[in-house]
Amino acid sequence: MIIKSSEKKEKNEAAVVVEVGPEEFESALGKAFIKNRAKISVPGFRKGKAPRKIIENMYGDTVFHSDALDLLVPDAVRLVTEESELRIVGFPQATDLDFKDDSKGVDITITVSVYPEVAIGEYKGLSAVKPPVEVADSEVEAEVESIRLRNASIDNVDRPAADGDIAVIDYEGFLDGEPFEGGKGENYDLELGSNTFIPGFEEKIAGMAAGEERDIDLVFPDNYAGDLAGKQVVFKVKLNEVKEKILPDLDDELAKDVSEFDTLDEYRADIKDKILKSRQTDADIAFENALMDKLIETIDADIPEAMIDEQMEISMNNFAAQVSSRGMDPSTYLQIMGITPEIFRENMRASGEKQVKVMLALEKVAEAEGVEISDEDIENEYKDGAERYQMDVEKLKESVSKETILRDVKMRRAAQIVTDNAIAEQPAEENAATDKAADAEKSAPESDKPAAKPKKPAAKKPAVKQETSEPAPEADADAEAAAGEKPLKPAARKPKA
């Protein structure tokens, strides 16, 4: 079996003809005969005992061709994949057969999708918005208060329940006088003000004393998941105990108890530094993602569908692994979300196409910049990965190929080149405020000019309420490894679709 010819077609396809010689074809026919002879009845012979020539004369010379090709085509595909000089993507397909009557050989045409030719424009000097990273003192204090709450002691109190207390309750819900499924609980610890239950429930527990019973009339929200949406119900509630959270004092002893610091000021400084670093990381990722959006606009490539399909398959597998790691069946998760696997997959197409474009663009940047990855770089990557995943280096090498590491590191370095040579823009509001302040400063007397521009505190996010039946955000299809291999680090963080 040899590669006879290779011809590039339109749209990044190529046709590779594999020649199967007479001896190999005859061998495959012999195996096909052995496989099928017990199934063929020939008059005058016991089943399975008729010679091959007799069967071929009776049923035709091609009677075993189909099974022979089932044996030969996988080897032909493997030969094309391993020995052709083409950079193949997707799955090769046998698309044509040419049987040689004289030699009993056969030519198998394997059609493949190949890596596209990529042209890239200017990748240095790209610009994107990068908001300034700040942490307000109020945010630090909010985190300290959260830590105090987590370290609070719980004491029983002899008074009516109030916001912030833990009410230990028995409850049962009734719809049209009948109890409904999931509406009953005993000795349930409910923190008043946590918005754990539907609106109105916790507010009506407030003011109750231990031992008191109360009927609570409520209406389930219209967007509540299930059949109870918009329904009027009655909860029969008994308050068993009232517990109060006793917060630790806000002093140096708190810092010593919950951290390695001796003073509260040192602990606050550490909290602020960690929040700042986290936000800086988020800002850097957002900046890089925005630059990747700009970068893929500079490339010209006819991307084969096979590349996008392959990326979507990787993304689907990663999604399934993520959901499974949380103890949920992926199919069940999609049912809860009210979406079919086919629709979910199609929704990921745009994301998959963008990821392919980013990969192609970064490959071109790495090529243009002459990015080289040494054996030492790869070894260090394995060591970092082994430490991160808490596994032996050699075991990691067995599960993640050297080629995967090489590609991922090269992609990250290419992305870093783009980022290092990019221009960070201020948000539109910041630009307007800066221009206005500059104009005012130019026109003001020297003595009236401000010493420095005050920093704007970061906006607080709204508190998260109870879940509804509204769809959750689409799962992130960030997948940078080849199929079946887990990446040590992403080649470059891809923008979300």
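Kindly evaluate V63 against the criterion of being in contact with a helix residue (DSSP H, G or I) (Cβ under 7 Å, 6 or more places away or on another chain) and assigned to a strand (DSSP E or B).
Criteria not met by V63.
Check E85, E117, E122 and return the single one that is out of contact with any strand residue (DSSP E or B) (no Cβ under 9 Å at 6 or more places or on another chain) and surrounded by fewer than 17 Cβ atoms within 10 Å (Cβ to Cβ).
Result: E122 is the single residue among E85, E117, E122 that is out of contact with any strand residue (DSSP E or B) (no Cβ under 9 Å at 6 or more places or on another chain) and surrounded by fewer than 17 Cβ atoms within 10 Å (Cβ to Cβ).
Check A142, A161 and return the single one that is touching a Leu at 6+ places or on another chain (Cβ under 9 Å), under 22 Å from E244 (Cα atoms) and not hydroxyl-bearing (S, T, Y).
Within the list A142, A161, the selection yields A161.
Do we find a residue being in a helix (DSSP H, G or I) and either closer than 19 Å to V106 by Cβ or not hydrophobic (A, V, I, L, M, F, W, C) (or both) anywhere in the range 1-21?
No, the range 1-21 contains no residue that is in a helix (DSSP H, G or I) and either closer than 19 Å to V106 by Cβ or not hydrophobic (A, V, I, L, M, F, W, C) (or both).
Does V73 satisfy the condition of being over 45 Å from the mean Cα position of the chain (by Cα), surrounded by 18 or more Cβ atoms within 10 Å (Cβ to Cβ) and either outside any strand (DSSP E or B) or among the hydroxyl-bearing types (S, T, Y) (or both)?
No: the conditions fail for V73.
Looking at G60, G44, G48, which one is within 16 Å of D101 (Cα to Cα) and either of a type outside the set (D, E, K, R) or buried (at least 16 other Cβ atoms within 10 Å of the Cβ) (or both)?
Being within 16 Å of D101 (Cα to Cα) and either of a type outside the set (D, E, K, R) or buried (at least 16 other Cβ atoms within 10 Å of the Cβ) (or both) holds for just one of G60, G44, G48, which is G60.
Being out of contact with any Pro (no Cβ under 7 Å at 6 or more places or on another chain), aliphatic (A, V, I, L, M) and not in a loop (DSSP other than H, G, I, E, B) is the filter; apply it to the range 245-276 and report the residue that is surrounded by the fewest Cβ atoms within 10 Å (Cβ to Cβ).
I246
Report the residue count in the range 322-381 for those that are within 25 Å of L406 (Cβ to Cβ) and free of Cβ contacts under 8 Å to residues at least 24 places away in the same chain.
Summing the residues that are within 25 Å of L406 (Cβ to Cβ) and free of Cβ contacts under 8 Å to residues at least 24 places away in the same chain in the range 322-381 gives 8.
Under 6 Å by Cβ, and 6 or more places apart or on different chains, what pairs join a residue from the range 1-30 that is of a type in the set (D, E, K, R) with one that is outside any strand (DSSP E or B)?
From the range 1-30, the pairs are E24/M1.
Would you be able to tell me the number of residues in the range 350-372 that are over 22 Å from E310 (Cα atoms) and surrounded by 18 or more Cβ atoms within 10 Å (Cβ to Cβ)?
Number satisfying all stated conditions: 3.
Is it the case that some residue within the range 151-170 is touching a Ser or Thr at 6+ places or on another chain (Cβ under 7 Å) and in a strand (DSSP E or B)?
There is no residue in the range 151-170 that is touching a Ser or Thr at 6+ places or on another chain (Cβ under 7 Å) and in a strand (DSSP E or B).
For the range 312-339, name all the residues that are hydroxyl-bearing (S, T, Y), over 27 Å from K357 (Cβ atoms) and in contact with a helix residue (DSSP H, G or I) (Cβ under 8 Å, 6 or more places away or on another chain).
S324, S331, Y333
Do we find a residue being modelled with pLDDT under 95, of a type in the set (A, V, I, L, M, F, W, C) and either more than 30 Å from Q335 (Cβ to Cβ) or surrounded by fewer than 17 Cβ atoms within 10 Å (Cβ to Cβ) (or both) anywhere in the range 236-244?
No: zero hits.
All but one of (1) in contact (Cβ under 8 Å) with a residue 24 or more places away in the chain; (2) within 24 Å of Q416 (Cα to Cα) hold for N317; which doesn't?
Condition (2) is where N317 drops out.
Residue under question is D273, and the condition is that it be within 39 Å of the chain's Cα centre (by Cα), charged (D, E, K, R) and under 30 Å from G177 (Cβ atoms); does it hold?
no
Assuming E181 fulfils every condition listed in (1) at pLDDT below 95; (2) outside any loop (DSSP other than H, G, I, E, B); (3) surrounded by 13 or more Cβ atoms within 10 Å (Cβ to Cβ) apart from one, which condition is it?
Against the list (1) at pLDDT below 95; (2) outside any loop (DSSP other than H, G, I, E, B); (3) surrounded by 13 or more Cβ atoms within 10 Å (Cβ to Cβ), E181 comes up short only on (3).
Is it fair to say R388 is in the same structural domain as A306 (by TED's automatic domain parsing), more than 21 Å from S315 (Cα to Cα) and under 22 Å from the mean Cα position of the chain (by Cα)?
It is true that R388 is in the same structural domain as A306 (by TED's automatic domain parsing), more than 21 Å from S315 (Cα to Cα) and under 22 Å from the mean Cα position of the chain (by Cα).
From the list N151, N156, exactly one residue is polar (S, T, N, Q) and more than 36 Å from the chain's Cα centre (by Cα). Which is it?
Just one listed residue meets the conditions, N156.
For the range 164-198, enumerate the residues that are under 18 Å from V219 (Cα atoms) and in contact (Cβ under 8 Å) with a residue 24 or more places away in the chain.
Y171, E172, G173, F174, L175, F180, G183, N195, T196, F197, I198
Could you figure out which of (1) among the small types (G, A, S); (2) under 30 Å from E367 (Cβ atoms); (3) modelled with pLDDT under 85 isn't true of G44?
(2)
Is it true that Q416 is surrounded by 13 or more Cβ atoms within 10 Å (Cβ to Cβ) and free of Cβ contacts under 8 Å to residues at least 12 places away in the same chain?
So Q416 passes the test.
The values are calculated or read from the model by the stated rules, or taken from the named source; none is laboratory data. These numbers come from a predicted model, not from an experiment. In this analysis, Cβ positions are derived from the backbone assuming ideal geometry, glycine residues included, and neighbour counts consider all displayed protein chains.
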